[in-house]
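Notes to accompany the following structure.
The values are calculated or read from the model by the stated rules, or taken from the named source; none is laboratory data. These figures come from a predicted structure and were not determined experimentally. Reconstructed Cβ throughout: ideal geometry from the backbone, glycine too, with neighbour counts over all protein chains shown.
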Amino acid sequence: MCSTLDPSRAVPCLDRGGPGPDPNAVTPPTDQPATDSGLKAGSNGHARADLQTPVVEVMDSTGRLPKADGRWLAEQLTKAMTLLKVAGVVGARVVSDAEMAEAHQRWSGVSGTTDVLTFDLSDSPATGGAPAPADSPRKVAADVLICLDQAERQAKIRGHSARDELLLYLVHALLHCMGHDDHDEPAATRMHAEEDRLLLALGVGVVYARPEGRA
């Protein structure tokens with residue numbers, strides 16, 4: 001994990017329109033994990049990156065997300081990681097516009113809220129530089145901030161639930177950690193198609209490409 005912000009590793013957030021979509025995925029200093037979620041992938045994710053199965057924790061800092069939805073999000077992202085043959089630790093924190101705007105400014109230098117901030121911690125080797133066995137799952141370590149207010153706005157526009165929209169944000173963050181980007185239109189098209197492919201496989205259905213006003 002880098003000890004300073006590294007602009008060369010920046011990747012775009014999910015661009016859904018509305019307040020705040022902007023290119024930003026950042027790497028926090030080691031003493032300040034992004035989510036402080038209790039799982040703290042930002043502080044000990046590498047120590048646990050030898051896990052052969054996914055570990056996901058979702059923490060709600062808004063007090064508005066039903067606990068059942070938080071459990072569902074963790075379960076669905078775990079399933080998505082399994083489908084992608086990915087192991088490791090993801091700590092996600094559900095935040096409000098105010099908290100997201102503060103993080104957006106702090107880590108990206110951009111004012112206003114946004115939908116998702118991904119702190120990809122996967123670059124530091126967990127095995128002291130030794131190559132992983134060929135048949136072992138790919139490892140990720142990430143902290144993710146996802147904005148409930150933004151999800152509620154998009155869900156209302158597009159006619160699906162806020163938890164489906166939040167799951168899209170988590171899948172988007174996971175794909176960034178796996179090397180996907182949406183810096184240009186062809187790459188964005190591929191990435192968003194993969195998001196919806198995974199959401200369909202999970203039984204959720206198309207979320208990113210769902211037309212406005214249609215359930």
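Here are a few things to note about the model shown:
- Some residue of region 152-173 being surrounded by fewer than 14 Cβ atoms within 10 Å (Cβ to Cβ) and under 18 Å from Met81 (Cα atoms): no
- Conditions (1) more than 27 Å from Leu202 (Cα to Cα); (2) modelled with pLDDT of 95 or more: number failed by Thr27: (2)
- All of His160, His183 fail the test of being in contact with a strand residue (DSSP E or B) (Cβ under 9 Å, 6 or more places away or on another chain) and either over 17 Å from Asp69 (Cβ atoms) or in contact (Cβ under 8 Å) with a residue 40 or more places away in the chain (or both), apart from His183.
- Qualifying residue in region 103-116 (condition: within 24 Å of Leu84 (Cα to Cα), small (Gly, Ala, Ser) and modelled with pLDDT of 60 or more): no
- Candidate set: region 67-110, residues that are closer than 18 Å to Arg163 by Cβ and without any contact (Cβ under 8 Å) to a residue 40 or more places away in the chain; chosen: the one surrounded by the most Cβ atoms within 10 Å (Cβ to Cβ): Ala74
- With respect to being β-branched (Val, Ile, Thr) and out of contact with any Lys or Arg (no Cβ under 9 Å at 6 or more places or on another chain), Val207 falls outside the description.
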